[in-house]
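The values are calculated or read from the model by the stated rules, or taken from the named source; none is laboratory data. These numbers come from a predicted model, not from an experiment. Ideal geometry is used to build each Cβ from the backbone, glycine not excepted, and the neighbour counts take in all protein chains shown.
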Amino acid sequence: MMILSKYIFRELTVPFILSLLLIVLIFVLNLLFQMLGKIAGKGLDLPVILEFFFLNLAWILALAVPMAVLIAVLMAFGRMSADNEITALKASGVSLLKMMQPAIVFGLIVGGLLFYFSDRILPDFNHKSRLLSSDIARKKPTLNLEAGVFHFDVPGIVLRASRIDDLTSMMYDVALFNEGDRKYNTAILADSGRLDYNYSSEQFIMTLYSGAIHRLDKLDERSYQKTDFKRTLFRMDAPDMMLERRESAYRSDRELSSGMMLKEIDKLNVQMRPNIRRINAYLVEIHKKYSIPAACFVFILVGVPMGVMFRSGGLGISGGLGVVFFLIYWICLIGGEDLADRGIVHPWLAMWFPNLLITAFGIFLIIRNIRGHSLLDLAALKKLLPRKWRGEN
């Protein structure tokens, strides 16, 4: 039995790792496409971008691990069934339940590690990810100058240059319009100029050469002024052009461990009018921290008999079945969370119902497999059809 356990463990480990990497990659690519428009043009350094995706990797792992367990079980037992190893083991007196024991231990180990990760590590990652996302959202896009294009990125300023030297960053035939002055309409025309950003003062500093400042009073069109210059500086306030990292002591329910949320629930319960909706939200998150890791065990119950019945160890069928079951699981979980937050369903039932549903289906499949039945009893289904459809008179 020990040799069989090691063999099944090895059969599960490789598909689990490969499936996990593939699922994580799909999630990361999806996140990349979603966030591309929000982070593009922000002028973020590569370490900041990598930190953003690293922090989001935590919740991706929390979702990907149970799904990877299901796919690994389907692949491992599907291959063993396709190669008649399951048949040989049954002929040797090894029942399906004994074959399932190493897989169950595998699921319990992975589920235990996932619970520790979800309860102790994931909240901090969620907290840091929220703060970083907020900081990135506040940061204004980097000013990328293009020749012959009017730029409106600096508040109250319109800037245009006919030609830009990429090597020296010098601009030629420069026109700058100040729309932020309530009293004057100001236009500055110069033969050349250079734009720099001062991080300490959060200002753009425009150095202009050989030009003129044209100023017109908005209330008196006769008060036109023109000032020629050989060199002048023009300062433009541009806050939040650089990424400013901020801290916050506030944490949402997804940024707290189960112990922290229990303390918050105790504080709410002693109030004269407890906030039931907030208490339910905390209870939902607490049960979710247990129910999602428990899915690693639940998916073993449904994955083993399905793998044996479908007799295919390929990633295509196993991945497809895994996606279908995980979608069913996740739809039930999200729907239950919404019902629990509104107080319609108790939080424990909302978060554990998907596990109970799939467990019941898994037990049904195990019983049918032990009795030697196929996944669907086609003869029984045929009896439900009308006689003329069955070819009977």
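Listed by first and then second residue, the pairs with beta-carbon distance under 8 Å, at least 6 apart or on different chains, first residue in the stretch 104-130 and surrounded by 17 or more Cβ atoms within 10 Å (Cβ to Cβ), second not in a helix (DSSP H, G or I) and not small (Gly, Ala, Ser), are 123/251; 123/256; 127/251.
Is it the case that residue 63 is surrounded by 20 or more Cβ atoms within 10 Å (Cβ to Cβ) and either within 20 Å of the chain's Cα centre (by Cα) or free of Cβ contacts under 8 Å to residues at least 24 places away in the same chain (or both)?
no
Does the stretch 214-236 contain any residue that is in a loop (DSSP other than H, G, I, E, B), more than 29 Å from residue 358 (Cβ to Cβ) and not assigned by TED's automatic domain parsing to the domain that holds residue 197?
no
The criterion of being of a type in the set (Lys, Arg), at pLDDT below 90 and within 30 Å of residue 75 (Cα to Cα) holds for residue 311. The condition (being in a helix (DSSP H, G or I) and surrounded by fewer than 20 Cβ atoms within 10 Å (Cβ to Cβ)) is satisfied by just one residue among 26, 8: 26.
Would you confirm whether or not the stretch 43-51 contains a residue that is in a helix (DSSP H, G or I), in the same structural domain as residue 316 (by TED's automatic domain parsing) and buried (at least 19 other Cβ atoms within 10 Å of the Cβ)? No, because not a single residue in the stretch 43-51 is in a helix (DSSP H, G or I), in the same structural domain as residue 316 (by TED's automatic domain parsing) and buried (at least 19 other Cβ atoms within 10 Å of the Cβ). Is one or more of the residues making up the stretch 309-316 surrounded by fewer than 23 Cβ atoms within 10 Å (Cβ to Cβ), in a helix (DSSP H, G or I), within 26 Å of the chain's Cα centre (by Cα) and not hydroxyl-bearing (Ser, Thr, Tyr)? Scanning the stretch 309-316, I find at least one residue that is surrounded by fewer than 23 Cβ atoms within 10 Å (Cβ to Cβ), in a helix (DSSP H, G or I), within 26 Å of the chain's Cα centre (by Cα) and not hydroxyl-bearing (Ser, Thr, Tyr), so the answer is yes.
To keep it simple, each residue is scored yes or no on (1) part of a helix (DSSP H, G or I); (2) at pLDDT 85 or above; (3) hydroxyl-bearing (Ser, Thr, Tyr); (4) at positive phi.
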| residue | (1), (2), (3), (4) |
| --- | --- |
| 93 | no, yes, no, yes |
| 105 | yes, yes, no, no |
| 112 | yes, yes, no, no |
| 122 | yes, yes, no, no |
| 126 | yes, yes, no, no |
| 146 | no, no, no, no |
